[in-house]
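Undergrad: Shown below is the structure under consideration.
The values are calculated or read from the model by the stated rules, or taken from the named source; none is laboratory data. Just so you know, these numbers come straight off a predicted model, no measurement behind them. Here the Cβ is made from the backbone with ideal geometry for all residues, glycine too, and neighbour counts use every protein chain on show.
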Amino acid sequence: MKKAGTGHLYLRGKTYWLEYVVDGKRFRQTLGTTKKAEARSKADEILAPYRAAGEADRLAIIASRIKTAKTKATTGGAVAIADAWRTFEALDTETRPDPGPATLKQYIGQWNAFASWLQEDAPAIKTLAGVREAHAKRFIEHLKGRGYAVGRVNQYKIFLRMFFRCMGIVGAVAENPFQNVKTQKAIQNSRQTFTAEEMRRIIESADGELKTLFFVGAGTGLRLADACSLMWGSTDLVRRLIELIPNKTAHLGEKAKIKIGIPRELAEHLSALPRRGPYVMPGLAAEYTGGKSADVSNRIQAHLKACGIQTVKPGTGKGTEKRAIVLKGFHSFRHTYVSMNADAGTPQATMTKLVGHGNAQMTMRYLHPTDRMVLQAADALPALLEGPKVEKVPAPEIMAPAAEVRALVETLTTKNVAKVRAQLLKMLEG
């Protein structure tokens, strides 16, 4: 294992980049120079905190950098392209967004892509203040030329507009070069749903942890990250319930927690599994959280293809000149889960809470599905495997007449929220 604070330089075109590993995660970033000596100096500066003898020394280095970066930015000093990301990152969160780890990683990649392109396209531009709208437009054309979809290009536009806006607030740039670079309307290529027969084929032909993963996806609608990292501590097989905070909304804390009913077939499958640690699927959990999520996704897609399922739009992907447009993948289990519950009559309010989606309607903020409601949703799903058919006992009607609910909601004020919430829950539970 490499010592902390080590990394290596490499060339992309004529520009030096740095690759290093921190806490098991690999990072790459441009150093914005074609000179090796200058690249080494910048690499040493980046890696200095990780080479510190102790935590106190590391924090002292970081604090010194933040102070220097803030002073440079607030005094309107020129910010070099090579120093721009560190300067942006050092801004307080009242000036810039404070994204989660996944979004931050995306931002770093987008900035590095722009900085690297700028070094090749306009090497004379050394500071942020030198970037003009013409550069912004040429960069967007560069992305389109690489075959990026409209939605992905829009992400770059939105990020870079935000980046330069924040740097403008602290005086690093006078004008935002991306201000007039508008986003385009993207055609959404939503994942298609699986048929019940396709789901059975996918699950029955899989084995090991992959079988469990597909079973969990089909029976709960969890996203891939949440399914792979599902823990026994979140899974109550006696009550047939899963309670967890999705990775995507983890920054919201406890208020983002969701509760999902476990279908009987899935509960039986999970009950038969050996418990080798905190994770339901320890191998997949280690792989997915260890930086190999792409390998997991590739195995999933390979299995779907082996099941005779068309996973990408014809004429796109491998062997063509167009980027793959995915039609069906693991996320299709989530779409299928929602669609089948809707067909079975699961109330929309319950579904909103089950899948952890936000909802603008005020009453939805205060409604929480009961155990009976989420189990009704679980039992509404069709059989996931072939076998003896178990006759389902019709679930009791738990929804109040729409007119009564509407009348009650119309009385809602900021002062009687708790009272109305209690009445709504009572009506829903019968």
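Undergrad: Can you tell me which residues in the stretch 81-99 are in contact (Cβ under 8 Å) with a residue 60 or more places away in the chain and loosely packed, with under 14 Cβ neighbours inside 10 Å? Talk me through it step by step, then tell me what you get.
TA: In the first step, residues of the stretch 81-99 are kept if they are in contact (Cβ under 8 Å) with a residue 60 or more places away in the chain; the result is 84, 87-88, 91, 95-97.
P97 - this is the single residue of the stretch 81-99 that is in contact (Cβ under 8 Å) with a residue 60 or more places away in the chain and loosely packed, with under 14 Cβ neighbours inside 10 Å.
Undergrad: Here's a follow-up. Of the residues E209, E204, which single one is touching a Gly at 6+ places or on another chain (Cβ under 6 Å) and over 16 Å from L354 (Cα atoms)?
TA: Numbers: E204 fails: touching a Gly at 6+ places or on another chain (Cβ under 6 Å).
Checking each option against the conditions leaves just E209.
Undergrad: Against the condition at pLDDT 90 or above and farther than 19 Å from F330 by Cβ, how does F215 come out, does it pass?
TA: Working: at pLDDT 90 or above: yes; farther than 19 Å from F330 by Cβ: no.
No: the conditions fail for F215.
Undergrad: If you go through the stretch 271-287 one residue at a time, do you hit one that is within 21 Å of L354 (Cα to Cα), among the basic types (K, R) and surrounded by fewer than 13 Cβ atoms within 10 Å (Cβ to Cβ)?
TA: No; the residues of the stretch 271-287 include none that is within 21 Å of L354 (Cα to Cα), among the basic types (K, R) and surrounded by fewer than 13 Cβ atoms within 10 Å (Cβ to Cβ).
Undergrad: I need the full set of residues from the stretch 281-313 which are touching a strand residue (DSSP E or B) at 6+ places or on another chain (Cβ under 7 Å) and within 12 Å of L213 (Cα to Cα), in order please. Steps first, please.
TA: In the first step, residues of the stretch 281-313 are kept if they are touching a strand residue (DSSP E or B) at 6+ places or on another chain (Cβ under 7 Å); the result is 285, 291, 311-312.
Within the stretch 281-313, just A285 meets the criteria.
Residues are listed down the side, and each one gets a yes or a no for (1) surrounded by 23 or more Cβ atoms within 10 Å (Cβ to Cβ); (2) closer than 30 Å to F163 by Cα; (3) hydrophobic (A, V, I, L, M, F, W, C):
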| position | (1), (2), (3) |
| --- | --- |
| N180 | no, yes, no |
| F194 | yes, no, yes |
| D207 | no, no, no |
| L210 | no, no, yes |
| A218 | yes, no, yes |
| S229 | no, no, no |
| S234 | no, no, no |
| R240 | no, no, no |
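Undergrad: Taking the stated definitions as given, is A256 assigned by TED's automatic domain parsing to the domain that holds S332, over 30 Å from R152 (Cβ atoms) and among the small types (G, A, S)? Full working, then the answer.
TA: Working: assigned by TED's automatic domain parsing to the domain that holds S332: yes; over 30 Å from R152 (Cβ atoms): no; among the small types (G, A, S): yes.
In short, no.
Undergrad: Just a yes or no: is a residue in the stretch 10-23 within 31 Å of the chain's Cα centre (by Cα), crowded, with 16+ Cβ neighbours inside 10 Å, at pLDDT 85 or above and of a type in the set (F, W, Y)?
TA: Scanning the stretch 10-23 turns up at least one residue that is within 31 Å of the chain's Cα centre (by Cα), crowded, with 16+ Cβ neighbours inside 10 Å, at pLDDT 85 or above and of a type in the set (F, W, Y).
Undergrad: What number of residues within the stretch 143-178 are among the hydroxyl-bearing types (S, T, Y) and assigned to a helix (DSSP H, G or I)?
TA: Residues of the stretch 143-178 that are among the hydroxyl-bearing types (S, T, Y), as a first pass: 148, 156.
Filter once more, keeping what is assigned to a helix (DSSP H, G or I): 156.
Final tally of qualifying residues: 1.
Undergrad: Here is a further query. Among the residues of the stretch 279-291, is any under 25 Å from T193 (Cβ atoms), assigned to a loop (DSSP other than H, G, I, E, B) and among the hydrophobic types (A, V, I, L, M, F, W, C)? Even if it seems obvious, please write down each step before you answer.
TA: Filtering the stretch 279-291 for residues under 25 Å from T193 (Cβ atoms) gives 280-281, 284, 288.
If we keep only those that are assigned to a loop (DSSP other than H, G, I, E, B) too, we end up with 280-281.
Narrowing the set further to residues that are among the hydrophobic types (A, V, I, L, M, F, W, C) leaves 280-281.
Yes, because at least one residue in the stretch 279-291 is under 25 Å from T193 (Cβ atoms), assigned to a loop (DSSP other than H, G, I, E, B) and among the hydrophobic types (A, V, I, L, M, F, W, C).
Undergrad: Search the stretch 113-133 for residues being part of a helix (DSSP H, G or I) and without any contact (Cβ under 8 Å) to a residue 24 or more places away in the chain, and hand back the single one that is surrounded by the fewest Cβ atoms within 10 Å (Cβ to Cβ).
TA: Going residue by residue through the stretch 113-133, those that are part of a helix (DSSP H, G or I) are 113-121, 128-130, 133.
Subset that is without any contact (Cβ under 8 Å) to a residue 24 or more places away in the chain: 121, 130.
Working: D121: 12, G130: 15.
Per the stated criteria, the residue is D121.
Undergrad: Sticking with this structure for a sec: Give the residues of the stretch 317-345 that are of a type in the set (G, A, S), under 30 Å from R146 (Cβ atoms) and exposed (fewer than 13 other Cβ atoms within 10 Å of the Cβ), sorted by residue number. Walk me through it before giving the result.
TA: Our first condition is that a residue be of a type in the set (G, A, S); within the stretch 317-345, this holds for 317, 319, 324, 329, 332, 339, 342, 344-345.
Still in the running and under 30 Å from R146 (Cβ atoms): 317, 319, 324, 329, 332.
G319 - this is the single residue of the stretch 317-345 that is of a type in the set (G, A, S), under 30 Å from R146 (Cβ atoms) and exposed (fewer than 13 other Cβ atoms within 10 Å of the Cβ).
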